[in-house]
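Just so it is clear, none of the values below were taken in a lab; they were calculated from the coordinates. All values reported here derive from a predicted model rather than from experimental measurement. All Cβ positions, even for glycine, are placed from backbone atoms using ideal geometry, and neighbour counts span all protein chains on display.
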Amino acid sequence: MRFLLDENLSPRLGELLAAAGHDTVHVRDIGLRSARDLVILERARAEGRTLISADTDFGQVLADSGALLPSVILLRRESDRPASRQAELVLANLDQVLGDLDAGAIVVLDATRVRIRRLPVKSDQDPQ
């Protein structure tokens, strides 16, 4: 899998995911430190990467845009945990959510559950 890590996550997480065989880059390494969310999402989309972040704003940006990609993994209540724990969480759940990520989804991971919302996200007021 190809990942782009947001700046609120440690580069060590990227090293651990790369060691597990995933093509992983950190926004700091590609000149996107402090970049706007839309710029980061566009870079992930252009490179076919899933964004991993602890910033819930990305879900709202995707919902507002109506975009089908890129997929986003949100690490909830995990930003204070060590990178090794974050990597374990992502890797332990990746097989379960791989199809959703490939199709376009927001996947929320925390220590006790996995939530998946397929893209495009529709508000409760949008007709189905």
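Tabulated data for the structure shown
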| read-out | value |
| --- | --- |
| Residue check for ALA92: assigned to a loop (DSSP other than H, G, I, E, B), free of Cβ contacts under 8 Å to residues at least 60 places away in the same chain and either of a type in the set (A, V, I, L, M, F, W, C) or surrounded by 14 or more Cβ atoms within 10 Å (Cβ to Cβ) (or both) | no |
| Residue within the stretch 77-84 that is in a loop (DSSP other than H, G, I, E, B), over 19 Å from LEU5 (Cβ atoms), in contact (Cβ under 8 Å) with a residue 40 or more places away in the chain and small (Gly, Ala, Ser) present | no |
| Residue in the stretch 20-38 that is in a helix (DSSP H, G or I) and closer than 20 Å to PRO120 by Cα present | yes |
| Tally, over the stretch 29-86, of residues that are surrounded by fewer than 18 Cβ atoms within 10 Å (Cβ to Cβ) and among the polar types (S, T, N, Q) | 6 |
